[in-house]
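Asker: Please find one structure pasted underneath; my questions will follow.
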Amino acid sequence: MRHYGMVPSEKEAHRVGIFIVRAVLNPSHHANRLMEVRFYTPFLWVSRLGPPLLRHLAGVGEMRHILGARPDVWRTDTHRIHYREQPDAYWYSKLGPIAIEYDAGSYSPALLKRKAETFALRFVGQYWGAPTEKKAEQLRVKLAGFGLEPRFVLAAPWW
């Protein structure tokens, strides 16, 4: 509703080839609350992914909306959460490729450091996202210790 001004009914979604996935999950990795969420996707294989990966992909998608990046200049690797030094998405901006990374709160400081340093070598920039402003602030503090400017960390609540 927030981005497209509508929520299709199940019948409408099915008619246009959209799969609806219902999941019960927490908004971030360590959150104590559960919420029921509906995810919409045109891809059958995405509809078969587990809740943590759907949450992660929704966070990456929310970052695209916040950054105002058009779909044609954005590539998301929807196969898995990347615990290695590969970004969740690539934004092919006018300045060059930018790494996009979403952390729902499960990354260790060592992994954050490796990713930030690798992205700095391979991309013209990097943006990080977190599900809440509180988690984004924690991420800003951690990443600032590795030389990343706080303005490149976004709160991206996907629900």
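Asker: Can you tell me which residues in region 8-37 are loosely packed, with under 12 Cβ neighbours inside 10 Å and in contact (Cβ under 8 Å) with a residue 12 or more places away in the chain?
Answerer: Selection gives Gly17, Arg22, Val24, His30, Met35, Glu36.
Asker: Further question on the same structure: Restricting region 118-148 to residues that are without any contact (Cβ under 8 Å) to a residue 60 or more places away in the chain and in a loop (DSSP other than H, G, I, E, B), which is surrounded by the fewest Cβ atoms within 10 Å (Cβ to Cβ)?
Answerer: Checking each candidate, the answer is Gly147.
Asker: Still on this structure, please answer the following. May I ask you to list the residues in region 76-119 that are within 12 Å of the chain's Cα centre (by Cα) and modelled with pLDDT of 90 or more?
Answerer: Pro87, Asp88, Ala89, Tyr90, Ala99, Ile100, Glu101, Tyr102, Asp103
Asker: Return the residues of region 42-57 that are part of a helix (DSSP H, G or I) and open to solvent by 80 Å² or more (accessible area, probe 1.4 Å); say none if nothing qualifies.
Answerer: The one that is part of a helix (DSSP H, G or I) and open to solvent by 80 Å² or more (accessible area, probe 1.4 Å): Trp45.
Residues are listed down the side, and each one gets a yes or a no for (1) in a helix (DSSP H, G or I); (2) under 19 Å from Gly145 (Cα atoms); (3) open to solvent by less than 20 Å² (accessible area, probe 1.4 Å); (4) touching a Leu at 6+ places or on another chain (Cβ under 7 Å):
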| residue | (1), (2), (3), (4) |
| --- | --- |
| Ala69 | no, no, yes, no |
| Asp72 | yes, no, no, no |
| Tyr92 | no, no, no, no |
| Ile98 | no, no, yes, no |
| Ala116 | yes, yes, yes, yes |
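Yes or no, residue by residue, for (1) within 24 Å of Arg38 (Cα to Cα); (2) touching a Lys or Arg at 6+ places or on another chain (Cβ under 9 Å):
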| position | (1), (2) |
| --- | --- |
| Leu67 | yes, no |
| Thr76 | yes, yes |
| Phe119 | no, no |
| Phe123 | no, no |
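Asker: Oh, and also: Which ones in region 8-41 are within 26 Å of Glu133 (Cα to Cα) and in a loop (DSSP other than H, G, I, E, B)?
Answerer: Asn26, Pro27, Ser28, His29, His30, Ala31, Asn32, Arg33, Leu34
The values are calculated or read from the model by the stated rules, or taken from the named source; none is laboratory data. A quick note: this is a predicted structure, and the numbers were derived from the prediction, not measured. Methodologically, a virtual Cβ is constructed for each residue, glycine included, from the backbone with ideal geometry; neighbour enumeration extends over all protein chains shown. The area values use the complete protein model at the heavy-atom level, side chains included, leaving out ligands, DNA and RNA. Shrake-Rupley method; radii C 1.70, N 1.55, O 1.52, S 1.80 Å.
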